[in-house]
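These notes are about the structure you will find just below.
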Amino acid sequence: MTTDPVLHHERSAPMTTDPVLHNPDLAPTRPDERTWNRWHLAALWVGMAVCVPTYMMAASLVDSGMNWWQAMLAILLGNLVVLVPMILCGHAGTRYGVPFPVFARASFGVFGAHIPSLARALVACGWFGIQTYIGGQAISAMVGILWPGWLTLGGGATFISLTLPSWICFVAFWLMNVVFVWRGTDSIKWLENFAAPFLIVVGLALLGWAVSAAGGLGTILAHSASLVTESEYSGLSWFIHVFLPGLTAMVGFWATLSLNIPDFTRYCKDQREQLLGQLYGLPTTMLLFSFIGVAVTSATVLLYGHAIWNPVDLVVRLAHDADSPLLAFVAMFTLAVATLSTNIAANVVGPANSIASAFPRRVSFRSGGLIAAVLGVLLCPWLVLDMYIGWLVSYSGLLGSVSGVLLADYWLLRRTQLDLDGLYDSRGPYRYTRGFNLKAIAAMLLGVAVVLAGKLIPGALFLFQGAWFSGVLVSGAAYLLLMRRG
C-alpha cells in the first residue's frame, strides 16, 4: 500500500476553528476515520450506477441514431472522460481529508465556494425527489403484490397527483433515506457494500434469462438493429449531431458527482485506493448495466414483437407470464434497493455537506441531510418528471464550468498544495475579496456563457452539444489567465 508523504499532517485537524467556516462534520478526517479501501469505493459506485436510468441510458442513444456498439462506445468513453475529474478532484479529498464545499474554498473563496456548492446541491435535491418517488412506487407495487386491495385504498383520490397508497409508500421510502443519513457515513458504506453484490447478481440473472430465452447473445445482438432509429446525419454531421451530444450526456450523467467526490474520497486510506476504487467501480458498472439494458431489450423484440425498455414493465410482464408473484416481489425489492443506494450516495451526502458548509454554526451533516430531503419533497419533481429530468441533465452539463475552475486551480496553479488551516480561516489566504474570488466566478460564468452561445449562434452548435467539454476548457483557461495576470 502506498502512502502520501504529507498525509499525516493533512489528516490533522486545522489549527483554526473559525465558527463561520468550521464544525466537526466539515473538519478533515482523522486517521481512524480513513477506513475505505478500493472495494468500498467500488461498491459505492456499483450502488450508485445500478439504477433504472443506467439500464435505460442506451435507449436514448439508440433512439438518437446509434447502433448497439456505438452506444456502448459512447457510454464507455463518456465514463472514462468523467473518471478523470473524479480522480483529480478525489485526490484533494484523500490528501487533505476535506469535503467538496471546503475544497472549493481554495479557488472560489471561503464564501464564494457556496455558489458552486449550493448549485450542485440544488441538482441533487431535485434528483432526490425523483428517486424517492420511484422508490416509493416500487414499495407500493411490492405491497400490492402481497395485498391486491392495497392499490385501491383511498378510492383513487389524489393529492398533488399521488394517491393515498403512493403517498404512504413515498413517505416510507423517504424515511428509509433519512435513517441512513441520520446514522452517518458508516451506515452508508454498509448499505453500498450490501447493495453492490446483490444488484450485480440480479443484473446478470436478467441477462442470463435474455440469452437463454432468445437463443443466444449473438442472435440478440444481430436483431438489435431493429431498435435503431434511422438517422438523417452521416459522417462529420453524424458525429456533431448524434455522437457528441450522446457523449456529453454520458459525461453529464455524473458531472455533479465529479464535483463532490471528495465527500467520499476523504475517507479513503490513500491515493492508490481512491484511484483504483473509482476505476474498478465507475466505467465497468456503467458499461455492464447499459449493455444489459440493450441486450435484454433486444431480446424482448424477439420474444414479444416490440421493445420493452423499462425493466419494471418487463419484470411485470415476466411475472404475469410465469404467474409468479414472488418474481414480481423480488424485482420490486431490487428496484427499491437500487434506488435507495443511488439516492443516499448521489443525492443526499453532497447537499448535506453543502448546506452544513453554508451554515456551519447551525447546521450539521445530519440536519443538512434532513433539509435536503425536505427540499426534495417540496420541489414535487414527479409533477413534471420528464421535463425535469431533461433539465437536470442539461444543468449538470453546465457544471463543467465549475470543474474547469477547480481543476485548473488545484492541479495547475497550486500544484496540489493547499493551506489546510487557511481553508477554515475567514481572514486567511482564501479570503480574496470579502471571501469571494471574483476571478473564479467570472471564469465560471464565462464558461457557462460560451456553452449557451453555442445554442444561439449559428455554426457554433458544437459548443452546446459538447457542453461539459466547452465549459471545462473555457473556464479553466480563463481562470488561469485571470489568476496569473494578477
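Of the residues 279, 259, 287, the single one that is in contact with a helix residue (DSSP H, G or I) (Cβ under 6 Å, 6 or more places away or on another chain) and open to solvent by 10 Å² or more (accessible area, probe 1.4 Å) is 287.
One residue alone among 163, 185, 132 is open to solvent by less than 10 Å² (accessible area, probe 1.4 Å) and not small (Gly, Ala, Ser), and that residue is 132. All but one of (1) within 26 Å of residue 102 (Cα to Cα); (2) at pLDDT 80 or above; (3) open to solvent by 10 Å² or more (accessible area, probe 1.4 Å) hold for residue 2; state the number of the condition that does not hold. So residue 2 meets the others, but not (2). The condition of being open to solvent by 10 Å² or more (accessible area, probe 1.4 Å), more than 13 Å from the chain's Cα centre (by Cα) and either of a type in the set (Val, Ile, Thr) or at pLDDT 85 or above (or both) holds for only one of 327, 318, 303, that being 303. Taken over region 454-480, the criterion of being in a helix (DSSP H, G or I), of a type in the set (Gly, Ala, Ser) and more than 21 Å from residue 116 (Cα to Cα) is satisfied by 454 alone. Scanning region 39-59 for residues that are modelled with pLDDT of 85 or more and either of a type in the set (Phe, Trp, Tyr) or surrounded by fewer than 20 Cβ atoms within 10 Å (Cβ to Cβ) (or both) turns up 39, 45.
Of a type in the set (Val, Ile, Thr) and at pLDDT below 85: does that describe residue 384? Yes. Annotation: of all residues in region 140-189 being outside any helix (DSSP H, G or I) and either without any contact (Cβ under 8 Å) to a residue 60 or more places away in the chain or under 18 Å from residue 371 (Cα atoms) (or both), the one that is nearest to the chain's Cα centre (by Cα) is 184. Restrict the check to region 113-124 and report whether at least one residue is of a type outside the set (Lys, Arg), in a loop (DSSP other than H, G, I, E, B) and either crowded, with 24+ Cβ neighbours inside 10 Å or modelled with pLDDT under 95 (or both). Yes, because at least one residue in region 113-124 is of a type outside the set (Lys, Arg), in a loop (DSSP other than H, G, I, E, B) and either crowded, with 24+ Cβ neighbours inside 10 Å or modelled with pLDDT under 95 (or both).
Criterion first (in contact with an Asp or Glu (Cβ under 9 Å, 6 or more places away or on another chain), farther than 28 Å from residue 329 by Cα and assigned to a helix (DSSP H, G or I)) does residue 101 satisfy it? Taking the combined requirement at face value, the residue satisfies it. Listed by first and then second residue, the pairs linking a residue in region 33-47 that is closer than 13 Å to residue 273 by Cβ and free of Cβ contacts under 8 Å to residues at least 40 places away in the same chain to a residue that is open to solvent by less than 50 Å² (accessible area, probe 1.4 Å) and part of a helix (DSSP H, G or I), with Cβ atoms under 7 Å apart and 6 or more places separating them unless they lie on different chains, form an empty list. Restricting attention to region 72-83, the residues that are more than 15 Å from the chain's Cα centre (by Cα) and surrounded by fewer than 23 Cβ atoms within 10 Å (Cβ to Cβ) total 4. Restricting attention to region 347-388 and to residues that are assigned to a loop (DSSP other than H, G, I, E, B) and more than 13 Å from residue 133 (Cβ to Cβ), the residue that is most open to solvent (accessible area, probe 1.4 Å) turns out to be 362. Being modelled with pLDDT of 95 or more and of a type in the set (S, T, N, Q) is the filter; apply it to region 416-451 and report the residue that is most open to solvent (accessible area, probe 1.4 Å). Of everything passing the filter in region 416-451, 417 is most open to solvent (accessible area, probe 1.4 Å).
The values are calculated or read from the model by the stated rules, or taken from the named source; none is laboratory data. The structure presented is a predicted model; accordingly, all values stated were derived computationally and were not measured. With ideal geometry, Cβ positions are generated from the backbone for all residues, glycine too; neighbour counts draw on all protein chains shown. To get the accessible areas, we keep the full protein, side chains included, count just its heavy atoms, and leave off ligands, DNA and RNA. Shrake-Rupley method; radii C 1.70, N 1.55, O 1.52, S 1.80 Å.
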